[in-house]
Amino acid sequence: MNYKVIFGVLIIATGIIVFMAITGCERTLHQSKNGDPDDTAVVSHIEGMTDSHVFNNTIVLLSPENVTRVEYIGEDREEVFVRELGGAWLYAGMQAVDSAAMADYLGGIHNLVSEEIIDTSEFTGEASCAIRLTGNNMEPVELLLFKFQELPQRYIIKSSLNPDMYFASDSAGVYRKIFGEFNLLLAQM
């Protein structure tokens, strides 16, 4: 057998094992109903997943270089935006924004997940502010922020990427990465 083929198979097998370790997959052997060992199949299960429910904790998933506009609607309902034009970022279409700070912001949220999912069966409320990320070769991502003083994690975030889930955060969690860092960027204007 060709050593290149063997090496390729080893690389693919290693990639699968690493993927399963990162995603928390378990391998389970299932034999066919008739007990034939030749019909045994390997089935992957994600921790906590049932047959009827796929767990998805993604808040933001995007390529920072594809983002060309970030819109922010504040608590006062004032809308501001930062957009990329010819490699430079501009606030309200006119004032220059620190491109390195903007790259840091987008890099900090480009693959954002949370384990803090809340039950929405009793959830009511209106978003206090929102961020909308748009660009080339991507679906727009809208992030809504709800504030609740009575909750230990007083910020609730809803993402258009995962519209059936609400994510809880304190001031140091995903809230800070999405809304806090963008507000700091705006404060420099």
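Selection of the range 49-81 for residues being among the basic types (Lys, Arg) and modelled with pLDDT of 80 or more yields only Arg69.
Candidates are the residues of the range 70-83 that are more than 17 Å from Ser159 (Cα to Cα) and in contact (Cβ under 8 Å) with a residue 40 or more places away in the chain; the one that is surrounded by the fewest Cβ atoms within 10 Å (Cβ to Cβ) is Glu75.
Considering only the range 133-189, give the strands (runs of 3 or more DSSP E) lying wholly within it that have at least 1 residues that are free of Cβ contacts under 8 Å to residues at least 24 places away in the same chain, within 15 Å of the chain's Cα centre (by Cα) and under 14 Å from Ile118 (Cβ atoms). Even if it seems obvious, please write down each step before you answer.
On the way: elements: 141-147, 155-159, 166-169.
Output list reads 141-147.
I'd like the full set of residues that are among the hydrophobic types (A, V, I, L, M, F, W, C) and touching a residue at least 24 places away in the same chain (Cβ under 8 Å), limited to the range 93-115. The answer is Val97, Ala101, Met102, Ala103, Leu106, Ile109, Leu112, Val113. Of everything listed in (1) in a strand (DSSP E or B); (2) under 18 Å from the mean Cα position of the chain (by Cα), the single unmet condition for Leu90 is (2).
The values are calculated or read from the model by the stated rules, or taken from the named source; none is laboratory data. This structure is a prediction, so every number in the text was calculated from the model and none was measured. A quick note on method: Cβ atoms are made from the backbone with ideal geometry, for glycine too, and the neighbour counts reach across all protein chains shown.
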